[in-house]
Amino acid sequence: MNTNQLRQEIIDYSKEIGIDKIGFASADVFESLKDRLKRQQELGFQSGFEKGSVEERTEPERLMPEAKSIISIALAYPSRIKNGPKSTKEERRGVFCRASWGTDYHDVLREKLDKLSQFIKEKIPEAATKVMVDTGELSDRAVAERAGIGFSGKNTAIITPEFGSYVYLGELITNLSFESDTPLEDGCGTCTKCLDACPTGALVQGGQLNAQRCLAFLTQTKDFMPDEFRSKIGNFIYGFDTCQAVCPYNKRVDFHNHPEFEPEPEVAKPKLKPMLSLSNREFKETFGHIAGSWRGKKPLQRNALIALAHYKDETAVDEIIRVMNHDPRPVIRGTAAWSLGKIGTDEAYSAIKDAKEHEEDDQVLAEMDKGLEFQKTSSA
């Protein structure tokens with residue numbers, strides 16, 4: 001079988017198994033990406049979540065010595081929750097970013113890529129493949145860009161003509177040679193809406209991200225959130241997608257092509273107070289199947305405390321006091337104290353002062369002092 005015929009059969013089969021978009025690229029070195037990544041390292045802009053060295057992330061042959069081509073796929077996901085629950089004064093809610101609605105996309109894309117891999121090997125038994133989704137060394141976005149899936153927007157997301165940037169990406173490296181698709185032309189032009197909307201200046205310039213200032217990254221960290229970012233995340237408890245929401249290519253884009261990605265309203269927009277008392281088992285049962293659970297419950301509970309402070313939710317004071325007094329984790333106790341100060345009731349301030357008497361952790365004590373500072377500024 002010649003590769004042109006196989007290429008078309010792969011495209012046809014990809015539609016059968018629910019892949020929304022597919023493209024083919026060479027396995028040549030990603031030279032311009034290599035330069036960008038080295039520059040990111042020099043500037044300290046990396047998140048620390050990246051896998052592999054710069055060379056492994058830009059040289060496909062390091063991952064598969066016989067690599068000739070890369071097949072890139074994209075699956076569209078919804079941007080709106082049908083009949084989403086409303087946050088009320090009695091029951092404030094947090095929100096997961098759109099990319100964490102529904103079943104963990106890593107699992108869904110990997111299953112489809114495995115099917116694609118099996119299909120290829122049935123046609124060409126000597127074919128070799130390597131599947132990657134997000135957690136692999138290669139940059140999904142660089143592969144997708146080269147394969148003509150979409151262009152790389154100023155918000156650093158791949159923007160497709162059909163689905164905007166609301167797509168999950170994955171790829172398959174193979175030792176087969178396929179004709180490459182043509183990359184799309186940049187479509188951002190002079191638009192700077194994403195740069196203007198970024199609340200922390202994380203988008204340093206079009207296409208360059210300082211991950212250390214990106215709220216999507218910061219919601220996934222496990223330590224105390226730096227002070228300057230706490231007022232910025234609002235009620236996001238995982239991820240942050242304002243830079244996608246403001247993009248003109250995403251206007252009125254809302255695809256519901258895959259039942260697996262349909263948001264469960266009570267999971268995508270959970271009540272905040274119950275999150276503070278989740279056991280490990282309850283957390284796994286409720287959130288374990290979504291992408292936003294990968295860092296465990298601690299970051300989400302910390303962010304829930306920050307969200308309750310954002311709302312100045314006085315109905316949560318008793319529960320937050322309980323957390324401050326009894327949670328064994330310093331980050332959670334300290335953030336609870338800060339949250340109480342931000343909410344600012346007399347009961348909250350009194351509880352912080354009492355808790356200071358028996359707190360021994362220096363970082364928690366520092367957060368308690370921050371919480372009490374709000375009392376000074378509010379009465380000044």
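Tabulated data for the structure shown
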read-out: Cβ-Cβ under 7 Å pairs, at least 6 apart or on other chains, the range 262-288 side over 19 Å from R322 (Cβ atoms), far side part of a loop (DSSP other than H, G, I, E, B) and among the aromatic types (F, W, Y); value: P263/W101; A268/W101
read-out: Any chance G153 is touching a Leu at 6+ places or on another chain (Cβ under 8 Å) and at pLDDT 95 or above; value: no
read-out: Filtered residues of the range 279-301 (kept if assigned to a helix (DSSP H, G or I), closer than 20 Å to K269 by Cβ and either at pLDDT below 95 or under 17 Å from the mean Cα position of the chain (by Cα) (or both)); value: F287, A291, G292, S293, K297, P299, L300, Q301
read-out: Among (1) of a type outside the set (D, E); (2) within 23 Å of L184 (Cβ to Cβ); (3) within 27 Å of the chain's Cα centre (by Cα), the one test that L43 misses; value: (2)
read-out: Residue in the range 291-302 that is more than 16 Å from I237 (Cα to Cα) and in contact (Cβ under 8 Å) with a residue 24 or more places away in the chain present; value: no
read-out: Pairs with Cβ under 9 Å, 6+ apart, first in the range 74-101 and touching a residue at least 24 places away in the same chain (Cβ under 8 Å), second β-branched (V, I, T) and in a helix (DSSP H, G or I); value: L75/V108; K89/T315; E90/T315; E91/T315; R92/T315; F96/V267; W101/V267
read-out: Matching entry among S117, S69 (being among the hydroxyl-bearing types (S, T, Y), touching a Ser or Thr at 6+ places or on another chain (Cβ under 6 Å), buried (at least 21 other Cβ atoms within 10 Å of the Cβ) and within 22 Å of E9 (Cβ to Cβ)); value: S69
read-out: Those residues of the range 1-45 which are over 16 Å from I173 (Cα atoms), of a type in the set (A, V, I, L, M) and either touching a Leu at 6+ places or on another chain (Cβ under 9 Å) or exposed (fewer than 14 other Cβ atoms within 10 Å of the Cβ) (or both), in sequence order; value: M1, I17, I19, L43
read-out: V143 vs. criteria part of a helix (DSSP H, G or I) and of a type in the set (A, V, I, L, M, F, W, C); value: yes
read-out: Checking F163 against (1) surrounded by 17 or more Cβ atoms within 10 Å (Cβ to Cβ); (2) under 17 Å from the mean Cα position of the chain (by Cα), the condition it does not meet; value: (2)
read-out: Neighbours by Cβ (under 8 Å, 6+ apart or cross-chain): first from the range 353-379, free of Cβ contacts under 8 Å to residues at least 24 places away in the same chain and polar (S, T, N, Q); second surrounded by 13 or more Cβ atoms within 10 Å (Cβ to Cβ) and assigned to a helix (DSSP H, G or I); value: none
read-out: Residue satisfying all of: in the range 26-80; among the hydrophobic types (A, V, I, L, M, F, W, C) and at pLDDT 95 or above; nearest to R7 (Cα to Cα) among these; value: I71
read-out: Residue tally, condition in contact with a helix residue (DSSP H, G or I) (Cβ under 7 Å, 6 or more places away or on another chain), of a type outside the set (V, I, T) and on the phi < 0 side of the Ramachandran plot, over the range 226-235; value: 4
read-out: Pair list, Cβ under 9 Å, 6 or more apart: the range 46-66 residue crowded, with 16+ Cβ neighbours inside 10 Å and aliphatic (A, V, I, L, M), other residue at pLDDT 80 or above and part of a loop (DSSP other than H, G, I, E, B); value: L63/E137; L63/L138; M64/A27; M64/A128; M64/N175
read-out: Enumeration of residues in the range 214-243 that are of a type in the set (D, E, K, R) and more than 23 Å from P330 (Cα to Cα); value: D241
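Yes/no matrix, rows are residues, columns are (1) surrounded by 22 or more Cβ atoms within 10 Å (Cβ to Cβ); (2) closer than 29 Å to D107 by Cβ; (3) of a type outside the set (V, I, T); (4) at pLDDT 95 or above:
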residue: K271; (1), (2), (3), (4): no, yes, yes, yes
residue: A304; (1), (2), (3), (4): yes, yes, yes, yes
residue: Y311; (1), (2), (3), (4): no, no, yes, yes
residue: D327; (1), (2), (3), (4): no, no, yes, yes
residue: A336; (1), (2), (3), (4): yes, no, yes, yes
residue: I343; (1), (2), (3), (4): yes, no, no, yes
residue: D346; (1), (2), (3), (4): no, no, yes, yes
residue: I352; (1), (2), (3), (4): yes, no, no, yes
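The values are calculated or read from the model by the stated rules, or taken from the named source; none is laboratory data. Source: prediction; values computed, not measured. Cβ atoms come from the backbone with ideal geometry, glycine included; neighbour counts cover every protein chain shown.
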